[in-house]
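Participant: Could you have a look at this structure, given as structure tokens, before my questions?
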Amino acid sequence: MSTGVNSSEQTAGGAAADGGVLTAIDHVGIVVDDLDAAVGFYEQTFGAKVVHRERVEKDGVEEALLAAGGNYVQLLTPTREDSAVAKWLAKHGSGLHHVGYRVDSCQVALDRAVAAGVRALDAAPRPGSRGTTVAFLHPKSAYGTLIELVQEG
Ligand code: CMX
Ligand code: CO
């Protein structure tokens, strides 16, 4: 998979050459009230293709991932009333929910953020969808953006 426009500035291992831990935007997470309708919108409007679909029980969501170059659009809908996404949908309606940044090591990126004073929602990296390892950072300590750190594998 392409690592995006900055790939020439990255090492073979994908680490940012400047020592930073963000290697690409992995995905944008968009919460919707009707997953099939939202998938249809991306397919019909942009010819986008669904590359993965999964229920993530821990997060109480069903997701559809659509390819956008080497990156993804992650459409999410709640599968249970008490999930974070259900709460968010009830309050805001459909819309942009979080940004997933790709990192080489979720643990390294999480440790660095916590050391910098950012509030982590996950004490340790945990399984995400499609076999990724992820950790979330609280939007209130990240300029109003829910941040997901995403490590392949
Ligand atoms: N983006 C920006 N701000 C957000 C937010 C979001 N996605 N979600 C909540 N907030 C803000 C709220 O607006 C609220 O701000 P105010 O106090 O100013 O009103 C504050 O954070 C608290 O929000 P809340 O509605 O009381 O919600 P909770 O504190 O119960 O939960 C959060 C918020 C971020 C801790 C919770 O949503 C969470 O744990 N999220 C991470 C897990 C997740 O979202 N999983 C689904 C994604 C799965 C995937 O990508 O694979
Ligand atoms: Co996500």
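Participant: Any idea which residue in region 111-124 is farthest from Val21 (Cα to Cα), counting only those that are away from ligand 1 (no atom under 13 Å from the Cβ), of a type outside the set (A, V, I, L, M, F, W, C) and without any contact (Cβ under 8 Å) to a residue 40 or more places away in the chain?
Facilitator: Gly117
Participant: Going by the conditions given, is Tyr101 within 16 Å of ligand 2 (Cβ to nearest atom), farther than 20 Å from Glu57 by Cβ and not basic (Lys, Arg)?
Facilitator: Taking the combined requirement at face value, the residue satisfies it.
Participant: Go through (1) more than 11 Å from ligand 2 (Cβ to nearest atom); (2) closer than 23 Å to Ile30 by Cβ one by one and return the number of the condition Ser129 breaks.
Facilitator: (1)
Participant: Is it fair to say Ala84 is touching a residue at least 40 places away in the same chain (Cβ under 8 Å) and over 17 Å from Tyr42 (Cβ atoms)?
Facilitator: Judged against the criteria, Ala84 is not a match.
Participant: Given (1) more than 8 Å from ligand 1 (Cβ to nearest atom); (2) surrounded by 15 or more Cβ atoms within 10 Å (Cβ to Cβ); (3) modelled with pLDDT under 95, where does Ser129 come up short, assuming only one miss?
Facilitator: (1)
Participant: Looking only at region 29-59, which residues are out of contact with any Gly (no Cβ under 9 Å at 6 or more places or on another chain) and aliphatic (A, V, I, L, M)?
Facilitator: Listed by number, the residues that qualify are Leu35, Ala37, Ala38, Val39, Ala48, Val50, Val51.
Participant: Between a residue in region 125-153 that is on the phi > 0 side of the Ramachandran plot and any residue that is surrounded by 15 or more Cβ atoms within 10 Å (Cβ to Cβ) and aliphatic (A, V, I, L, M), which pairs come within a Cβ distance under 8 Å, given they are 6 or more apart or on different chains?
Facilitator: Arg130/Leu65
Participant: A further question on this structure: Looking at (1) modelled with pLDDT of 95 or more; (2) surrounded by 12 or more Cβ atoms within 10 Å (Cβ to Cβ); (3) more than 12 Å from ligand 2 (Cβ to nearest atom), which is the one condition that is false for Ser7?
Facilitator: (1)
Participant: Select, from Val134, Val108, the only residue that is aliphatic (A, V, I, L, M) and either closer than 26 Å to Arg53 by Cβ or within 10 Å of ligand 1 (Cβ to nearest atom) (or both).
Facilitator: From the options Val134, Val108, the qualifying one is Val134.
The values are calculated or read from the model by the stated rules, or taken from the named source; none is laboratory data. On a predicted model such as this, the values are computed, not experimentally measured, just so you know. Don't worry about glycine lacking a Cβ; one is built from the backbone with ideal geometry, like all the others, and counts go over all protein chains shown.
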